[in-house]
1. Can you work out which of the residues in the stretch 53-73 that are open to solvent by 30 Å² or more (accessible area, probe 1.4 Å) and either in a strand (DSSP E or B) or touching a residue at least 60 places away in the same chain (Cβ under 8 Å) (or both) is farthest from residue 38 (Cα to Cα)?
2. Report, by residue number, each residue of the stretch 74-100 that is in a helix (DSSP H, G or I) and modelled with pLDDT of 95 or more.
3. Take the residues of the stretch 74-84 that are open to solvent by less than 50 Å² (accessible area, probe 1.4 Å) and within 12 Å of the chain's Cα centre (by Cα): which is farthest from residue 52 (Cα to Cα)?
4. Could you tell me whether residue 110 is within 12 Å of the chain's Cα centre (by Cα) and either surrounded by fewer than 14 Cβ atoms within 10 Å (Cβ to Cβ) or over 14 Å from residue 31 (Cβ atoms) (or both)?
5. If you go through the stretch 93-107 one residue at a time, how many are surrounded by fewer than 19 Cβ atoms within 10 Å (Cβ to Cβ), more than 11 Å from residue 35 (Cβ to Cβ) and either in contact with a Phe, Trp or Tyr (Cβ under 6 Å, 6 or more places away or on another chain) or touching a residue at least 12 places away in the same chain (Cβ under 8 Å) (or both)?
6. When the residues of the stretch 24-42 are narrowed to those that are part of a loop (DSSP other than H, G, I, E, B) and either small (Gly, Ala, Ser) or within 14 Å of residue 117 (Cβ to Cβ) (or both), which ends up least open to solvent (accessible area, probe 1.4 Å)?
7. For residue 36, indicate whether it is at pLDDT 95 or above, in contact with a Gly (Cβ under 9 Å, 6 or more places away or on another chain) and not aliphatic (A, V, I, L, M).
8. Tell me which residues, restricted to the stretch 43-52, are assigned to a strand (DSSP E or B), β-branched (Val, Ile, Thr) and free of Cβ contacts under 8 Å to residues at least 40 places away in the same chain.
Amino acid sequence: QVQLVESGGGLVQAGGSLRLSCAASRSIFSLDAMDWYRQAPGKQRDLVAGITSIGSTNYADSVKGRFTISRDNAKNTVYLQMNSLKPEDTGVYYCHLKGKERPWSRWEDYWGQGTQVAVSS
């Protein structure tokens with residue numbers, strides 16, 4: 001079973017930067033979309049940024065110009081560079097990817113365990 005291991009969260013002051021990483025625990029035959037979601041306290045989990053298999057990206061309006069998503073297919077890893085952080089960026093960040101573990105496998109959705117980001121004002 002593939003697991004996603006996240007790292008890079010923490011506490012930072014407003015205006016600071018963090019870089020989140022999410023790596024699959026084992027090799028995956030084929031990767032499709034890779035995304036980052038955020039869940040603020042008491043709120044639903046929302047999409048923050050996504051990147052397709054060919055590198056097309058999309059962002060939530062609230063993070064455009066501040067966050068950058070990227071991926072390294074050889075390492076089965078997705079990154080989220082977060083700059084100019086604001087207190088409203090606080091929450092638990094989850095990575096998600098859609099992939100086929102083996103050529104004969106079906107497409108599966110995989111989720112990370114979440115990493116906490118806290119931005120102080």
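1. Filtering first and then ranking leaves 72.
2. 87, 88, 89
3. 82
4. no
5. Within the stretch 93-107, the subset surrounded by fewer than 19 Cβ atoms within 10 Å (Cβ to Cβ) is 98, 100-107.
Restricting the remaining residues to those that are more than 11 Å from residue 35 (Cβ to Cβ) gives 100-107.
Narrowing further to those that are either in contact with a Phe, Trp or Tyr (Cβ under 6 Å, 6 or more places away or on another chain) or touching a residue at least 12 places away in the same chain (Cβ under 8 Å) (or both): 100-103, 105, 107.
So the answer is 6.
6. Filtering first and then ranking leaves 40.
7. In short, yes.
8. Result: 51, single match.
The values are calculated or read from the model by the stated rules, or taken from the named source; none is laboratory data. Predicted model, so just to flag it, every value in this text is computed and none were measured. A quick note on method: Cβ atoms are made from the backbone with ideal geometry, for glycine too, and the neighbour counts reach across all protein chains shown. Calculation scope for accessible area: heavy atoms of the full protein, side chains included, ligands and nucleic acids excluded. Shrake-Rupley method; radii C 1.70, N 1.55, O 1.52, S 1.80 Å.
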